[in-house]
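The structure appears below as structure tokens.
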Amino acid sequence: MIRRAQAADVSAIADLERRVFGSRAWSFRLVAEELAHPAAVVLLDETHDGLAGYVGLRIAADSAEVSTLAVHPDLRRAGIATALLAAGEILVRARGAEHLHLEVAEGNEAARALYRGRGYREVGRRHGYYDRSEDALLMTLDLGATNG
């Protein structure tokens with residue numbers, strides 16, 4: 001079940017954030033601030049066992065950004081990330097966004113393949129973005145296209 005996150009979800013999101021991203025994880029405080037930000041939306045995918053994954057989105061005028069995407073390590077390759085992205089794309093398109101942007105670590109081939117499969121294209125690079133040791137690839141989805 002995908003639903004919009006609320007303040008009561010901060011702990012579960014922060015716990016999964018730490019599990020997935022380790023030293024790069026957002027703190028409890030940053031997760032809480034993101035949920036409270038007027039331009040931000042966080043969508044959750046829940047199973048009967050708890051939080052399966054989440055996607056954070058920021059919407060500004062005709063543009064939107066995927067700020068974070070995480071799936072529980074035990075539940076990867078089950079379509080959760082795809083479902084979250086699809087729900088996020090629908091939401092930001094309905095709010096008037098024409099493009100959806102994101103950054104992905106160059107070495108994260110699984111994520112890059114997921115995004116390419118949804119129609120995102122590489123449009124740039126941020127050198128040394130992740131701990132100054134790994135580049136971020138900038139990817140964009142044209143929301144005017146059909147992405148399923």
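The values are calculated or read from the model by the stated rules, or taken from the named source; none is laboratory data. Every value quoted in this text rests on a predicted model; they were computed, and no experiment measured them. With ideal geometry, Cβ positions are generated from the backbone for all residues, glycine too; neighbour counts draw on all protein chains shown.
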* Identify all residues within the range 32-50 that are closer than 14 Å to Arg4 by Cβ, assigned to a strand (DSSP E or B) and modelled with pLDDT under 95; write none if there are none. => Glu46
* Structure fact -> Being farther than 24 Å from Ala7 by Cα and part of a loop (DSSP other than H, G, I, E, B) narrows Arg93, Arg116, Arg132 down to just Arg132
* To do: Name, by its number, the condition in (1) surrounded by 20 or more Cβ atoms within 10 Å (Cβ to Cβ); (2) assigned to a strand (DSSP E or B) that does not hold for Leu85.
  => (2)
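When residues of the range 110-148 are filtered for being under 15 Å from Thr82 (Cα atoms) and not hydroxyl-bearing (Ser, Thr, Tyr), how many remain? Walk me through it before giving the result.
Step one: filter the range 110-148 for residues under 15 Å from Thr82 (Cα atoms), giving 110-120, 141, 146-148.
Add one more test, that the residue is not hydroxyl-bearing (Ser, Thr, Tyr), and what stays is 110-114, 116-119, 141, 147-148.
Adding up the residues that qualify gives 12.
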* **Subset tally (residues that are in contact with a Lys or Arg (Cβ under 7 Å, 6 or more places away or on another chain) and in contact (Cβ under 8 Å) with a residue 40 or more places away in the chain) for the range 32-45** => 3
* Using the structure shown, decide if Phe21 is among the hydrophobic types (A, V, I, L, M, F, W, C) and over 16 Å from the mean Cα position of the chain (by Cα). => no
* Asked: Among all residue pairs at least 6 apart or on different chains, which show Cβ distances below 6 Å where the first residue, located in the range 3-31, is within 15 Å of Ile80 (Cβ to Cβ) and modelled with pLDDT of 95 or more and the second is among the β-branched types (Val, Ile, Thr) and part of a helix (DSSP H, G or I)?
  -> Ile13/Val31
